1. Taking helices (runs of 4 or more DSSP H) that fall entirely within the stretch C:138-240, which contain at least 3 residues that are of a type in the set (A, V, I, L, M, F, W, C)?
2. Among A:96, A:37, which is among the small types (Gly, Ala, Ser), part of a helix (DSSP H, G or I), open to solvent by less than 80 Å² (accessible area, probe 1.4 Å) and modelled with pLDDT of 80 or more?
3. Only residues that are at the interface with chain A (Cβ under 8 Å from one of its Cβ atoms) and surrounded by fewer than 18 Cβ atoms within 10 Å (Cβ to Cβ): list them for the stretch C:126-142, please.
4. Counting just the residues of the stretch A:164-189 that are among the hydrophobic types (A, V, I, L, M, F, W, C) and surrounded by fewer than 17 Cβ atoms within 10 Å (Cβ to Cβ), which one comes out nearest to residue A:226 (Cα to Cα)?
5. As an exercise: evaluate residue C:145 against (1) open to solvent by 20 Å² or more (accessible area, probe 1.4 Å); (2) under 26 Å from residue C:90 (Cβ atoms); (3) within 13 Å of another protein chain (Cβ to nearest Cβ); (4) out of contact with any Lys or Arg (no Cβ under 9 Å at 6 or more places or on another chain) and give the number of the one condition it does not meet.
6. Could you pull out the residue among A:30, A:55 that is of a type outside the set (Val, Ile, Thr) and open to solvent by 60 Å² or more (accessible area, probe 1.4 Å)?
7. Considering only residues that are among the small types (Gly, Ala, Ser) and within 29 Å of residue C:224 (Cα to Cα), which ones fall in the stretch C:35-94?
8. If you check residue A:16 against the conditions, is it touching a helix residue (DSSP H, G or I) at 6+ places or on another chain (Cβ under 6 Å) and either farther than 17 Å from residue C:129 by Cα or modelled with pLDDT of 85 or more (or both)?
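The values are calculated or read from the model by the stated rules, or taken from the named source; none is laboratory data. Values in this document were obtained by computation on a predicted structure and should not be read as measured data. We place every Cβ from the backbone using ideal geometry, glycine too, and count neighbours over all the protein chains shown. Note: areas computed on protein heavy atoms with side chains; ligands, DNA, RNA excluded. Shrake-Rupley method; radii C 1.70, N 1.55, O 1.52, S 1.80 Å.
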Amino acid sequence: MTNREKIVPVLTILAALLAVWYAAVVFLNAPFERDTAARAGTTISFSEIVPRTMAQARPVLPAPHQVMAELWDTTINKPVTSKRSLVYHAWITLSATLVGFGLGTLLGIALAVGIVHNRAMDRSLMPWIIASQTIPILAIAPMIIVVLNAIGIAGLLPKALISTYLSFFPIAVGMVKGLRSPEQIQLDLMRTYNASPSQLFWKLRWPASMPYLFTSLKVAVAISLVGAIVGELPTGAVAGLGARLLAGSYYGQTVQIWSALFMAAGLAAVLVLIVGAAHSAVLRRMGVRP
Amino acid sequence: MGTAFAMPQIRPDAFSPNTASPDARSVVSARGLGLTFKTDDGPVTALTGVDLDVRKGDFVSFIGPSGCGKTTFLRVIADLEKPTAGTITVNGTTPEDARKNRSYGYVFQAAALYPWRTIEQNIALPLEIMGYGEAEKRARIERTLALVNLSGFGKKFPWQLSGGMQQRASIARALAFDADLLLMDEPFGALDEIVRDHLNEQLLELWARTEKTICFVTHSIPEAVYLSTKIVVMSPRPGRITDVIESTLPRERPLDIRETPEFLEIASRVRDGLRAGHSYDE
Amino acid sequence: MNAILPAVLFWLGAWALNEWLVRRKPASKALERTIRLIVPILFGVSLLVLWEGLVRGFAVPAVLLPPPSMIWTRLISSLPTLWADFRQTFLKSVITGYVTGCGLGFLVAIAIDRSPFLQKGLLPLGNFVSALPVVGVAPIMVMWFGFDWPSKVAVVVIMTFFPMLVNTVTGLAAASSMEKDLMQTYAASWFQTLVKLRLPAAWPFIFNALKINSTLALIGAIVAEFFGTPIVGMGFRISTEVGRMNVDMVWAEIAVAALAGSVFYGVVALVERVVTFWHPSVRGGRA
């Protein structure tokens, strides 16, 4: 009952979006068909235009079923090792995302622990960490890639470093908040037990920071993926979802761009879902009601 | 402070002996009133079989343990909940019409002052909504601030005041327009005893001066006995009225009236009523 | 080699000074505020000195990492170019897209306010889209709207729309039930409740979106330029100068982007403090 109440509106909106999409396909792709017909010296009726707008090779806007067909073709019908397989490209991007995300998480947590335990670090680093969030960090991506390439580091690591750079900020900020979230009375209680600093950390601060950690992880994993995709742009479109986007835009292959976009969206959804599942699993083990 | 609070909406005929049948003087009149909520664990009967008349100028207290429906009844009067059985009239009309006629001044458990408005602006809120003119608004703000002893605090923000002062400001907000009926839902529940005594005293004074009709929800026996002309004892599962006690105390009540035998007698009757209706199965 | 030791010493000295400074318990409020300001600045400066010293000491080639002094010289000497890029990317693409995207998100949120059905449908979708790599639409927008700034505006609009929509809808639901009951006892209209209660209560959420979007807008505009642009713009400059190995120019451009981003964010945060002065997070900061 409640599930249906949740799903029906979402499905309705999705159906409406799909309808708008098809209408837009006809509207945006029709001029090309009219031009072709005019050049051939024939006139073309509206009922003839409609099916043709959904079957162009390089449409302004591909129809949803064209994108789905391309997705199907490049994931199921191609061997995973082939350069034409979208699974292959998705894996390239995903591996960089995961390595970067992992490094970023460790770095972010380490930084947060330092900041919470050292006043000088807190006062001098924290303003810069907050300020750095306002900087378009992605602008540095091409430089990191090219510079690292110049000294012989290529492939996964430079992209992963961009993901690391992007993902450690939200985690550091979230964890500082989380490690500081225990209230004064809880800290006072630990003090009355004469708890050691490490006991205070593992028995109070760390568990208290879990909700904050996972909220940050969701943001970080999404932005890691963005970092990996953008990191693939300046290398000249070799492999990965970003490369597919760039190659598609070079050659006007709109269907390829859209299918790469859908793959990226799917990847992001799966990653966020996994983090979300881990979140609720940890909370359940800690006895918090979902 | 010395000026009486103007009550332009009192209809003189309401007090004339010709029309003084009990129902004609009733501000609130409930017959067989019931309310059942649908929840995930099945229906919950919050109120059942409530018959009650509140007369003009009454100070009625509703007392009972949690879950007895006292707050629900207040919300039904204010048209914040719709009853599922029986009838209720307010000033002879439905609660909804009474609400649209702006008959209610509601004071909640928390002050519920808007933090982005000063105390003055908070008191002005209902006046803005009801479309009062600028000069009228100023006059009413001054008058109600004086009435709750907050003159000079109008320019402060709520979060700059103590809890007791905030609750006084919220009473001022309820008094600012000419509501027929003041509905108060445990307004002093979150305050400490000394502040509470003080506010109780002030509330009685206010009631005497404004001649408002007040419905007051509480779970404190001394508070109910000290304030009320009529005490409605309620009990839970299902929420219902178990006793209605007309107070024999004079309208003029200094704080030490609470040590007189008369007071203690009423208090013990209330306590007996609460005990009788209380099931010990929890 | 002789530049390393002084630089490291300076950095260590600055750190020690900071350690000492944060342990002071200043008598006056003004002194405390000064210390709070000095500590991060000293840290930043010491970092720059360390960077300069290490790069010079180890003779790191400028193609890899130019010293700050070289970036500064480059920045000063290329001000006209940097200004043109700033105008193209920030003033045209970012500001237009930010205002349009945030405005649309806000208006749509108000428009669906009376329809719980549309809210239930759009809110999960908005949350989902916020987690997607939306910058990916950049190549499509460049195809549709051309190389110049309108395509960048389109990317920025798409990126900023959903965070604003989600935050405004959440914010409009943030008023407590007691506050809403109060408005109901006054028989206030939908519009009165919106203007006098729900919008003020929603400001903290709306500003949250405005702050998130200030960063997203700049990222969107710069990345969109990687996919095609006329020969001006911050993203264009970064990608071409990287190709020519003019790393100092890239750093100068990044410095401008960083400054623009921080000032943009700072202005939004300042307006937030003025508008939501009553919110506990702002009050606590001022006390």
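1. Answer list for the stretch C:138-240: C:138-145, C:149-172, C:177-185, C:199-226.
2. It is A:96.
3. Answer for the stretch C:126-142, where residues must be at the interface with chain A (Cβ under 8 Å from one of its Cβ atoms) and surrounded by fewer than 18 Cβ atoms within 10 Å (Cβ to Cβ): just C:128.
4. The qualifying residue nearest to residue A:226 (Cα to Cα) is A:187.
5. Only one criterion is unmet by residue C:145, namely (4).
6. Numbers: A:30 fails: open to solvent by 60 Å² or more (accessible area, probe 1.4 Å).
Going through A:30, A:55 in turn, just one is of a type outside the set (Val, Ile, Thr) and open to solvent by 60 Å² or more (accessible area, probe 1.4 Å): A:55.
7. Once the filter is applied, which keeps residues that are among the small types (Gly, Ala, Ser) and within 29 Å of residue C:224 (Cα to Cα), the stretch C:35-94 yields C:62, C:77, C:78, C:84, C:93.
8. Numbers: touching a helix residue (DSSP H, G or I) at 6+ places or on another chain (Cβ under 6 Å): no; either farther than 17 Å from residue C:129 by Cα or modelled with pLDDT of 85 or more (or both): yes.
Judged against the criteria, residue A:16 is not a match.
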